[in-house]
1. Would you mind getting me the FRET efficiency between GLU18 and ARG57? Use the beta-carbon distance for r and R0 = 25 Å, nearest 0.05.
2. Which aspartates and glutamates does LYS19 reach when only Cα atoms under 14 Å apart count, and residues fewer than 8 places away in its own chain are ignored?
3. Only one of the values [x] -0.41, -0.85, -1.02; [y] -0.55, -0.82, -0.91; [z] -0.34, -0.74, -0.91 was calculated from this structure for log10 I(q)/I(0) by the Debye sum over Cα atoms at q = 0.13, 0.19, 0.21 Å⁻¹; name its label.
4. Packing-wise, with mean Cβ within 10 Å as the measure, how do 52-59, 3-10 rank, highest first?
Amino acid sequence: MNSYKCIKKIGPYDGPYEKNLISYFFENKNETIVWHTNIKKDPNFELNACYCGLYTRSFQNKNIINYKKSKPFKIQLQLL
């Protein structure tokens with residue numbers, strides 16, 4: 001299971017199909033993915049925190065988030 005770091009939040013903004021959208025950008029060493037949501041369903045991801053449970057699927061040669069399979073949870077990095 002991959003872990004991703006939340007690097008940026010944009011919003012709320014009005015999109016072409018829905019109003020009050022929020023976008024969270026996640027990054028790991030291989031890819032960057034974006035979680036789009038609205039204000040009502042906002043999971044309140046924290047910036048610079050690491051998350052697991054984000055699943056992706058391939059769509060038109062891009063990796064996008066599979067919202068049905070994803071159950072993101074925050075992980076804490078441990079110091080050794």
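Each reported figure results from applying straightforward, stated rules to the coordinates on display, with no laboratory input. From a predicted model like this one, the values you see are computed outputs, not experimental measurements. Here Cβ is always computed from backbone atoms with ideal geometry, including for glycine, and neighbour counts include all displayed protein chains.
1. Once the sixth-power term is evaluated, E becomes 0.70.
2. Leaving aside aspartates and glutamates fewer than 8 places away in the same chain, those within reach of LYS19 are ASP42.
3. [x]
4. Working: 52-59: 14.0, 3-10: 15.5.
The densest-packed peptide leads the list: 3-10, 52-59.
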